[in-house]
Amino acid sequence: MKRNKILLLFLGLIGIGVLTSCTDNDYYYSGTEIDIYGDNPLYIQVGDNWKDFVPNPSAKAYDPYCGIYDFYKRNNINNTTPGEYYVDYIAINGCGDETIKSRTVIVQDNDAYLEGTYDVTNSFGGNVYTYQTTIIPSTSVNKQIYINKLSNNATGSIYAIVDGNVVTIPSQTVGGIIYSGTGHIYTSDTETSIDINYTEIDGNTSSNGNTNMKKVGTSN
């Protein structure tokens, strides 16, 4: 009789352990975790293609106690219309619990977000010049912008082509000087800046310079 009681008690403890292994383990179970890789928020331009694959390399779900039964995503991204969109990563663990984590995707109106006034630091010929310039997007050519004063020597607007975060200045003559160059756009929640390395050819003299532009009204 005593042996039967011990056996029943042992079986009861096993049953409690099974029942609480996933659902009643608040003391040591932190729940399902989802890791999102890459930028969040993520900025893209109107018309840019962006694909997000689950589970790799965009996000990963794990649950050390219940395991992952299903992992998928859903999104409302419309890359033809500027706005703020979301990608939801959904994980369902082995106990049937659902966990959701989101990535914000901001679709920007081509290059309209670059329009504005910029504080400029221009390094050329061993000298450093500071001034302000403006950027105006083209109203007729997609992904083309006009930089009012790329360098301290520039006497007129210089146009550039924007492809994602890459800026290219095609060879062009302004005020008798030939300009060309490449650079990058850096964006975040608080700052928009552009860094361009360029070449000036004045007659038979070719010189390199750098222009860093930070949009007025943004900060680190």
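Bear in mind these aren't lab numbers, they're just calculated from the coordinates by the rules spelled out. Quick caveat, the model's predicted, so the values are computed rather than measured. Note that we place each Cβ from the backbone using ideal geometry, even for glycine, and neighbour counts take in every protein chain shown.
Please say if the range 133-210 is rounded, prolate or oblate, where rounded means a/c under 1.5 for a ≥ b ≥ c the square roots of the C-alpha gyration tensor eigenvalues, and otherwise the choice is prolate for a/b larger than b/c and oblate otherwise?
Working: a/c = 1.99, a/b = 1.58, b/c = 1.26.
It is prolate, given that a/c is not under 1.5 and a/b is the larger ratio.
Starting from the amide H of Val167, placed 1.01 Å from N in the peptide plane, find each other amide H under 5 Å away whose residue is 5 or more places distant or on another chain.
It is Gly183, His184, Ile185, by chain and number.
Mind checking the alpha-carbon convex hull of the range 93-150 and giving the volume per residue in Å³? Let's see the in-between values first.
Details: hull volume 10.4 nm³, N = 58.
That works out to 180 Å³ per residue.
Pairs Lys101/Lys143; Lys143/Lys215; Lys73/Lys215: which are spaced more than 24 Å apart, C-alpha to C-alpha? Write down the numbers at each step before the final one.
Values: Lys101/Lys143 33 Å; Lys143/Lys215 18 Å; Lys73/Lys215 35 Å.
Distance filter (> 24 Å) returns Lys101/Lys143; Lys73/Lys215.
Placing unit charges on C-beta atoms (Lys and Arg positive, Asp and Glu negative, everything else neutral), compute the dipole magnitude of the range 72-220 about its Cα centre in debye, rounded to 20. Provide the component values of the computation, followed by the final result.
Working: 8 positive and 14 negative charges, 18 e Å.
Dipole magnitude for the range 72-220 comes out near 80 debye.
Can you give me the relative contact order of the range 106-169 as a percent, contacts being Cα pairs under 8 Å and 6 or more apart?
Numbers: 104 pairs, mean separation 14.5, N = 64.
Worked out over the range 106-169, it gives 23 percent.
Cα atoms only, the range 28-137: Rg and Dmax in Å?
Over the range 28-137's Cα set, Rg and Dmax evaluate to 20.8, 67 Å.
Taking amide H positions as placed in the peptide plane 1.01 Å from N, state which residues far from Lys143 in sequence (5 or more) or on other chains have amide H under 5 Å from it.
Those lying under 5 Å, H to H, from Lys143 are Asp111.
Identify all aspartates and glutamates with a Cα-Cα distance to Lys214 below 20 Å; exclude those on the same chain that are fewer than 8 residues away in sequence.
Asp109, Asp111, Glu115, Asp119, Asp163, Asp189, Glu191, Asp195
Show the residues, 5+ positions off or on another chain, whose built amide H is closer than 5 Å to the amide H of Tyr85.
Counting only residues 5 or more places away or on other chains, the set is Val105, Ile106, Val107.
Between Glu115 and Thr80, 0.36 nm times their residue separation minus their Cα-Cα distance comes to what? Could the numbers behind the result be given before it?
On the way: separation 35, 0.36 × 35 = 12.60 nm, distance 1.95 nm.
Extra length available between Glu115 and Thr80 comes to 10.6 nm.
Pop out the ³J(HN,Hα) list for the range 141-150 in order, Karplus 6.51 cos²θ - 1.76 cosθ + 1.60 with θ = phi - 60°, rounded to Hz; leave Gly and Pro as x.
Once θ is set to phi - 60°, the couplings for the range 141-150 become 10, 5, 6, 10, 10, 10, 9, 4, 8, 5 Hz.
Using only the alpha carbons of the range 79-217, what is the convex hull's orientation-averaged projected area in square nanometres? Each step should come with its number before you reach the end.
Numbers: hull surface 45.0 nm².
So the Cα hull casts an average projection of 11.3 nm².
Can you run phi through the Karplus equation (6.51, -1.76, 1.60; θ = phi - 60°) for the range 189-199 and list ³J(HN,Hα) in whole Hz, with x for Gly and Pro?
The phi angles translate into 4, 10, 8, 10, 9, 9, 10, 10, 9, 9, 10 Hz.
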